[in-house]
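To start, the structure under review is shown below, and the notes come after it.
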Amino acid sequence: MQHVHAFGDDALGDCDAVGLVERIRSGDVSPAELVDAAIARTEAVNPQLNALAYQAFDRARAEATAPRGGYFAGVPTFVKDNVDVAGMPTMQGTDAWQPRAATADGDFARLYLATGLIALGKTQLSEFGFSAAAEHPRLGAVRNPWNTDHTAAASSSGSAAFVAAGVVPIAHANDGGGSIRIPAACNGLIGLKPSRGRLPLDRDMRAMPLRIVYNGVVTRSVRDTAAFYAEAERIWRNRKLPPVGDVKSPGAERLRIAVITQSIARETSTEMRELTCKTAALLEELGHHVDYLDRPPVPAHFADDFLLYWAFLATALVRGGRRMFGPSFDRSRLDSLTLGLDRHATRRLHKLPLAIARLASVRRHTARMFRDYDVALTPTLAHETPRVGHLDPTAGYEQVIDRLMDWVAFTPLQNVTGDPAISLPLAESAAGLPVGMMFSAHLGQDARLLELAYELEAAQPWPTITGRG
């Protein structure tokens with residue numbers, strides 16, 4: 001199928017967010033024109049992509065007449081539908097209760113909108129973000145704009161699909177097991193999962209026994225991602241972490257890079273291994289020192305421990321649904337993956353304390369690796385982007401979870417360790433779909449990853465959905 005995109009000769013053009021800021025400041029375009037163009041683009045492509053969870057177009061138009069301050073003042077965006085935005089419902093990718101508007105911005109939305117971005121509404125995700133593909137039995141599948149026969153991945157699927165399709169240049173995403181990096185990889189975008197504590201979390205995410213969720217953005221250019229973190233840090237900064245600063249160019253330092261093509265417990269496809277090795281060769285050409293390691297430096301039980309903790313989060317939602325979401329909560333409307341995770345956890349609750357303790361200690365293993373290396377390179381995903389239906393949540397739980405763990409074999413590690421990791425669209429599959437390469441670094445070294453991303457973007461510009469760039 002042909003690419004689905006909304007790029008054209010309207011006010012948005014093919015600019016990234018920084019480009020739009022420059023055009024607003026020069027008077028070439030107004031925030032109102034940008035918002036109107038983004039709304040028109042949403043309406044043009046959403047019937048094919050199914051990325052929209054909630055529209056707030058009238059509110060966005062009103063805000064565009066007098067946008068709040070901030071670096072991105074007047075630039076249109078979307079917020080993923082699992083953080084609270086005042087006046088909008090938060091449905092978490094499900095329809096298991098009656099929508100009700102949030103009474104106040106959550107901690108992250110307060111920061112995000114203080115950058116000046118104007119939210120057009122909310123984007124779709126997999127139910128509670130548990131799956132790496134958004135294919136809800138009643139809400140439908142979010143489709144990949146590069147080829148709508150394929151998934152847009154998840155859980156930040158709607159945000160990634162809209163950014164890749166040119167609806168907006170930047171959108172909110174968050175990541176509890178790869179949910180920024182996975183859709184970035186599948187949709188040809190930049191997706192940085194920052195260091196733990198780099199950006200604020202809403203209260204429900206802060207309450208987790210082990211904080212594995214991280215907020216961030218997906219973008220089409222490195223400079224947009226870097227500009228977002230610079231502006232976010234101006235508004236809110238965690239003093240326990242080294243600052244990111246305003247990263248605008250590649251770093252001069254030549255890095256020691258560990259290349260890992262084998263995941264902890266699953267096989268990686270031949271194509272993913274070959275594409276990772278090509279990226280390693282590019283790094284060597286740029287003067288970086290590259291070593292190949294056999295496998296990630298973590299215990300073999302990591303995957304089982306992570307799955308149990310992931311499943312425990314589902315149990316908390318399934319069993320506490322009425323308290324969290326109100327009396328209209330109906331667990332019979334949850335998909336079979338969510339319910340299967342709940343069953344998985346309840347049968348193994350006696351193992352949970354040990355699993356959490358072992359997960360909390362994993363960072364010691366990666367810290368040892370980062371004493372010898374500055375950066376680690378892996379494929380973002382172990383296999384190519386699957387077709388819609390491969391991770392159908394109405395299928396049997398055992399089938400879905402096996403396929404999910406087979407595909408999402410690399411990304412959960414940094415959610416547990418707190419280390420930053422970025423997916424860059426440095427490769428393309430034989431089927432013509434984007435392929436992400438993931439770079440991780442020691443806790444707090446987000447700026448190093450951005451500097452390397454700038455260098456790789458200049459050395460090997462990634463294709464755009466229109467063929468330009």
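Structure notes:
- Restricting Y54, Y71 to those that are open to solvent by 30 Å² or more (accessible area, probe 1.4 Å) and either closer than 15 Å to A6 by Cβ or in a loop (DSSP other than H, G, I, E, B) (or both) reduces the list to Y71.
- Matching option when the condition is of a type in the set (D, E) and under 22 Å from the mean Cα position of the chain (by Cα), among D342, D330, D291, D335: D335
- Subset of the range 128-174 [open to solvent by 10 Å² or more (accessible area, probe 1.4 Å) and touching an Asp or Glu at 6+ places or on another chain (Cβ under 7 Å)]: E135, H136, P137, R138, L139, A141
- Qualifying positions in the range 421-461 - open to solvent by less than 50 Å² (accessible area, probe 1.4 Å), in a loop (DSSP other than H, G, I, E, B) and more than 23 Å from T268 (Cα to Cα): L443, G444
- Among the residues making up the range 74-91, those that are open to solvent by 10 Å² or more (accessible area, probe 1.4 Å) and touching a residue at least 40 places away in the same chain (Cβ under 8 Å) are N82, D84.
- Residue match in the range 431-451 (condition: of a type in the set (V, I, T) and more than 30 Å from D9 (Cα to Cα)): no
- The residue list R239, R256 contains one member that is in contact with a strand residue (DSSP E or B) (Cβ under 7 Å, 6 or more places away or on another chain), surrounded by fewer than 16 Cβ atoms within 10 Å (Cβ to Cβ) and at pLDDT 95 or above, which is R256.
- Listed by position, the strands (runs of 3 or more DSSP E) inside the range 183-276 whose residues that are within 15 Å of the chain's Cα centre (by Cα) and within 30 Å of S429 (Cα to Cα) number at least 3 are 190-193, 214-219.
- Search result, residues across the range 343-391 that are among the hydrophobic types (A, V, I, L, M, F, W, C), under 30 Å from W146 (Cβ atoms) and not in a loop (DSSP other than H, G, I, E, B): V375, A376, L377
The values are calculated or read from the model by the stated rules, or taken from the named source; none is laboratory data. What you see is a predicted model; the values in this text were computed from it and never measured. Ideal geometry is used to build each Cβ from the backbone, glycine not excepted, and the neighbour counts take in all protein chains shown. For the accessible areas, the whole protein counts, side chains as well, though only heavy atoms, and no ligand, DNA or RNA atoms are used. Shrake-Rupley method; radii C 1.70, N 1.55, O 1.52, S 1.80 Å.
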